[in-house]
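Written below as structure tokens is the structure these notes are about.
The values are calculated or read from the model by the stated rules, or taken from the named source; none is laboratory data. Computed from a predicted model, the values in this text were never measured in an experiment. Quick reminder, even Gly has a Cβ in these numbers, built from the backbone with ideal geometry, and neighbours come from all protein chains shown. Quick note on the areas: whole protein, heavy atoms, side chains included, nothing else; ligands and nucleic acids left out. Shrake-Rupley method; radii C 1.70, N 1.55, O 1.52, S 1.80 Å.
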Amino acid sequence: MKLTSTEWRLSALMTTVQLVGVLSFMIVMPLGPDFTRDLGIPPAQVGWIMAGYTIASAFGGISSALFIDRFDRRPALAMALTGLILGNIAAAMAWNLESLIAARIFSGLFGGPAAALSVSVVADNVPIERRGQAMGMVTSAISIGAVFGIPLGLEIAHLTSWRVTFLAVAGLGVALMIFSMTMLPSQRLHLADMPADRGNPLMRLMRIAARRSTLLALALAAVAIIPGFMVMTNLPVFLQFNLDFPREDLGLLYMVGGVVSFFGMRWTGQLVDRFGSTPVTLATTAGMAATIWLIFVGRDWVALPALLLVPCSMMFNTARIVAQSTAVSKVPDPGERAGFMALVQACTQVFSSIGAMGAATVLDSAPDGSLLHVQTVAILAILVSVPAPYLMWRLERMVPRHAASSHRVKAVAARANTPPG
């Protein structure tokens, strides 16, 4: 069953919201050589700039989870986008390492809530039987950012300055926020499902976090995120120095991977709606494990080109995220959905840092720049991903069935005097 026109339009709006957050996060590393040279920052310190964003995003997600469901999602989303916009403007005005880290911390505080709210708006308005398609559309913002955002941002920096690139992201955020807030109706549906006695917000969040379904969702997020960050963050160096992949072709490789991932996410959403998240997770986990093995471990006996394997690996990795996001969005009730998703988003940032730092502790560099022990990292990433299908199966057994969930969405909408979708 296809998305209705209203559901498609709302999902497209939330994709633009996600795109602002994705670009705010992704544009920093490619600009590293530019602002390190201009601000006199040692290249080894760039990691602190990324860490500032991810840590702040986790903190912002957990903090917002305490109260975010108490408000209309539309103004809350506008506030989160405003924070991202101001953070990018502050980054463009940075004068040293400390000021740039501060700007990234400010952006991160709003990045987590913005992502959680956009997913919550989609989950509030799209029934479970069509939610996979909607989540596939929203998460495709990652591929859009990789295919168009990063190359365009780098070209702007090349022609002008890295500061102009940050300002361009902020300007795009302003335009998309005005467009989204103009087109998006009031999002108060979830308020009808809020308990009359909300109690202490911290205790309420702790009760949510202690549920079996929440713990399963967080475990699933961990095994979905950690493997990708273990291998993908080191992929450019590995390709260039271990496999002698031409530096000038890296942009093309990532562009192809982004395009493949974009369509893969959309198709994955349809498959999730038709077959469920468990079989899709099983297939994509097997595909990702196979491509990781062929790229990093079995390259001595398999001569498949990187231009084929890397985009496939990127597609399987992002497709796993679609299945995971769809299943996790079914766990919370509408009245606690944004807080729950903010908690998951915060933990996702922590898991991504664990993946990147875990790989860094194992890897070493040879004098020629090639990576050592990369096979060990690849095998560890595969092992971490293995439990994903089982965890997904356990989680799907705990979430409402299609008919029950659709009935619940309609009932809540009726109580809120707001038509669903």
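Values for this structure:
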quantity	calculated
Residue within the range 347-354 that is at pLDDT 85 or above, closer than 25 Å to Leu294 by Cα and not hydrophobic (A, V, I, L, M, F, W, C) present	no
Hey, Ala217 modelled with pLDDT of 85 or more, open to solvent by less than 20 Å² (accessible area, probe 1.4 Å), aliphatic (A, V, I, L, M) and within 26 Å of Val322 (Cβ to Cβ) or not	yes
Val20, sole failed condition from (1) among the hydrophobic types (A, V, I, L, M, F, W, C); (2) closer than 16 Å to Leu184 by Cβ; (3) in contact with a Ser or Thr (Cβ under 7 Å, 6 or more places away or on another chain); (4) open to solvent by less than 10 Å² (accessible area, probe 1.4 Å)	(3)
Residue pairs meeting the criteria (Cβ under 8 Å; at least 6 apart or on separate chains; first in contact (Cβ under 8 Å) with a residue 12 or more places away in the chain, in the range 86-111; second charged (D, E, K, R) and part of a helix (DSSP H, G or I))	Gly87/Arg104; Ala91/Arg104; Ala92/Arg163; Met93/Arg163
Lone qualifier among Leu391, Leu383, Leu363 - being in contact with a Leu (Cβ under 9 Å, 6 or more places away or on another chain), at pLDDT 90 or above and closer than 16 Å to Pro227 by Cα	Leu391
Selection status of Ile178, open to solvent by 20 Å² or more (accessible area, probe 1.4 Å), touching a helix residue (DSSP H, G or I) at 6+ places or on another chain (Cβ under 8 Å), at pLDDT 75 or above and not in a loop (DSSP other than H, G, I, E, B)	no
Residue check for Ala116: in contact with a helix residue (DSSP H, G or I) (Cβ under 9 Å, 6 or more places away or on another chain), in a helix (DSSP H, G or I) and either open to solvent by 40 Å² or more (accessible area, probe 1.4 Å) or over 24 Å from Ala323 (Cα atoms) (or both)	no
